[in-house]
Amino acid sequence: MINVEQVTVTYGDLTAVADVSFVVPPGFVLAVSGPSGAGKSSLLWAIAGAVPVAKGQVEIDGLVITDRPAAAAHGVVLIPQGNGLARVLTARENLSVPLLADHKPLDELDRAVEEALTQVGLADSGDHLVEELSGGEQQRVAVARGIAQQGRVILADESTSELDSSNRERVLELLRVEADRGAAVIIATHDPTVADSADGHALMDEGRLSWVRRL
Ligand code: ADP
Ligand code: MG
C-alpha cells in the first residue's frame, strides 16, 4: 500500500510537488499523466525515497519513507525515466545488481534474471552491453530489472515512451501481472492508451494532482 500524505517536494524556491495526497492499495495500477515539468518524476522520486519531502510523508505498508536505501530494502522499486542502466554493463549484469544487493542466492538470481529478460522479449540479448542496445531495448531491460526484483511497490517513470505498440502492450501486461501478485503500481506517462489501461488516472499540473478517474 502506497500512502502519500500531503506531500510537497521543493528544489530551492521551486515547488515541484504541491500538497499531494492519495493511496494506491496492493493490486492496483495508477497512471499519472501531465505535461513535462508537472512534477511526475519528483512525485515518484519522493515515493522511492530518492528526494526528501519538504512537507507531508510517504508511507509504504506502514513504513515512513526517509531515504532511498531504506525504501529499496522495503521493496520500493523505481524504473527511472531514462532507464538508469549502467551502459558499460550487459543487460544481464544490470538485472543482477539489485538482486545481488538483496543477497539473493545465485541460482535464484540467475533464474529471476532469465525469466525477466524473457518476459520483455530479450532472452537472447542478455550478454549485450546496454550501450549496444537500441533505446527501446534499453527501456525493456530497465523494465525487466524492475520486475525481477518482485517489489511490493513498482514506480514506472515513462517506461513505455520509446516502445512500439506491441512492446508497450507487453510492458503494460507485465505491470498488470505485478499488480495481480500484490504490488501497488504507479506509471507516469504521456500516453493516453497507457493511462486508459490503468485502474485509476491522476493528472498533475504545476505540482498539483487532480483526478481524471479515481482508483
Ligand atoms: P515531470 O516528470 O512531470 O516532467 P519533474 O518532476 O521532472 O516533472 O520536474 C518538476 C519540476 O522540478 C520542473 O520544473 C523541473 O525543472 C524541476 N526539477 C526536477 N528535478 C530537479 C532537480 N534535481 N533540481 C532542480 N529542479 C528540478
Ligand atoms: Mg519526468
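The values are calculated or read from the model by the stated rules, or taken from the named source; none is laboratory data. No experiment lies behind these values; they were computed from the predicted model shown. Every residue, glycine as well, gets a Cβ built from its backbone with ideal geometry; the counts of neighbours run over all protein chains shown. Ligands, DNA and RNA are stripped out before the accessible areas are found, and what is left, the full protein with its side chains, is counted by its heavy atoms. Shrake-Rupley method; radii C 1.70, N 1.55, O 1.52, S 1.80 Å.
Compute the normalised compactness of the range 1-148: alpha-carbon radius of gyration over 2.2 N^0.38 Å, N being the residue count.
That works out to 1.13 for the range 1-148.
Taking 41 Å as R0, compute the FRET efficiency from the Cβ-Cβ separation of ALA73 and ARG208 and round it to 0.05.
Rounded to the nearest 0.05, the efficiency is 0.85.
Calculate the length of the line joining the C-alpha centroid of the range 82-109 to that of the range 143-187, in whole Å.
17 Å
About the Cα centre of the chain, what is the dipole size in debye to 20, counting +1 per Lys and Arg Cβ and -1 per Asp and Glu Cβ, all else neutral?
480 debye
Could you work out what % of the accessible surface of the chain is carbon and sulfur, using a 1.4 angstrom probe and leaving DNA, RNA and ligands out of the count?
Ligands and nucleic acids excluded, carbon and sulfur reach 50 percent.
What FRET efficiency comes out for LEU106 versus ALA54 if R0 is 30 angstrom and r is the Cβ-Cβ distance? Round to the nearest 0.05.
Result of the calculation: an efficiency of 0.10.
Quick check: the angle from helix 165-180's long axis to the longest principal axis of the chain, C-alpha only, nearest 10 degrees?
Helix 165-180 sits roughly 70 degrees off the main axis of the chain.
Before I look further, what does the range 76-215 give for accessible area per residue, probe 1.4 Å, in whole square angstrom?
Result: 47 Å² of accessible area for each residue.
In nm, what is the difference between 0.36 nm times the number of residues separating ASP127 and VAL64 and their Cα-Cα distance?
Residue separation times 0.36 nm, minus the Cα-Cα distance, leaves 18.9 nm.
Can you compute the FRET efficiency between SER21 and SER165 using 1/(1 + (r/R0)^6), with r the Cβ-Cβ distance and R0 = 41 Å? Round to the nearest 0.05.
The calculated FRET efficiency here is 0.75.
Anyone know which of VAL88, VAL32, VAL120 comes out most mobile in the 10 Å Cα GNM of the chain?
In the Gaussian network model the winner is VAL88.
Nearest 10 degrees, 0 to 90: what angle lies between the long axis of helix 91-101 and the longest principal axis of the chain (Cα atoms)?
With both axes taken from Cα atoms, the answer is about 60 degrees.
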